[in-house]
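My questions will all concern the structure given below.
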Amino acid sequence: MKTTEEKLKEIKELIGKLEKDVPTQISAFNKFMMATETSTIIEKKNLELINVALAISAQCEWCIALHVKNAVDAGATKEEILEAAMQAVLMHGGPALMYMIPVEDAIAEFIK
């Protein structure tokens with residue numbers, strides 16, 4: 001089983017490869033991502049807590065690793081991350097509950 005740090009490394013490697021293979025598309029995606037993650041209305045921590053819940057609903061372990069780390073870096077606590085994650089479980093049920101495993105792993109790795 002990969003650590004959350006290894007998953008973050010895989011994301012960087014994938015983006016780097018795509019920048020060479022499909023530069024136009026990945027550039028457009030990166031610009032869109034930066035524009036949506038640079039809100040002037042919702043503070044960064046809250047955006048990342050939303051993204052944690054969405055990552056669980058999307059069942060994306062790499063997204064979970066990325067957004068839990070970003071949430072921690074933005075000042076989110078373990079309790080805030082878990083509460084946001086449980087919103088995904090509420091809306092998505094049992095399968096989302098199982099994605100609490102990578103959430104817990106990421107919290108353990110990023111909150112010391």
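The values are calculated or read from the model by the stated rules, or taken from the named source; none is laboratory data. Quantities reported herein were computed from a predicted structural model and do not represent experimental measurements. Here Cβ is always computed from backbone atoms with ideal geometry, including for glycine, and neighbour counts include all displayed protein chains.
Name every residue in the range 19-45 that is closer than 17 Å to Asn70 by Cα and small (Gly, Ala, Ser), in order of residue number.
Across the range 19-45, the qualifying residues are Ala35, Ser39.
Any chance the range 21-34 includes a residue that's on the phi < 0 side of the Ramachandran plot, in contact with a Phe, Trp or Tyr (Cβ under 9 Å, 6 or more places away or on another chain) and surrounded by fewer than 14 Cβ atoms within 10 Å (Cβ to Cβ)?
The answer is no; no qualifying residue exists.
Test Ala71 against the stated conditions and say whether it is in contact with a helix residue (DSSP H, G or I) (Cβ under 7 Å, 6 or more places away or on another chain) and modelled with pLDDT of 95 or more.
yes
If you don't mind, another one. Being out of contact with any Cys (no Cβ under 8 Å at 6 or more places or on another chain), in a helix (DSSP H, G or I), farther than 20 Å from Asp105 by Cβ and at pLDDT 95 or above narrows it down to one of Leu66, Leu47, Leu82, so name that one.
The match here is Leu47.
Met1 versus (1) assigned to a loop (DSSP other than H, G, I, E, B); (2) surrounded by 11 or more Cβ atoms within 10 Å (Cβ to Cβ): which is the lone unmet condition?
That leaves (2) as the condition not met.
So for the range 71-89 (the condition being without any contact (Cβ under 8 Å) to a residue 24 or more places away in the chain and of a type in the set (A, V, I, L, M, F, W, C)), does at least one residue qualify?
Yes.
Could you give every pair whose Cβ atoms fall below 6 Å, whose first residue belongs to the range 1-30 and is touching a residue at least 60 places away in the same chain (Cβ under 8 Å) and under 25 Å from Pro102 (Cβ atoms), and whose second residue is surrounded by 12 or more Cβ atoms within 10 Å (Cβ to Cβ) and among the hydrophobic types (A, V, I, L, M, F, W, C), counting only separations of at least 6 or pairs across chains?
Thr4/Ala65; Thr4/Ala106; Leu8/Ala65
Looking for something in contact with a helix residue (DSSP H, G or I) (Cβ under 7 Å, 6 or more places away or on another chain), over 18 Å from Glu37 (Cβ atoms) and basic (Lys, Arg) - is there at least one such residue anywhere in the range 74-86?
Yes.
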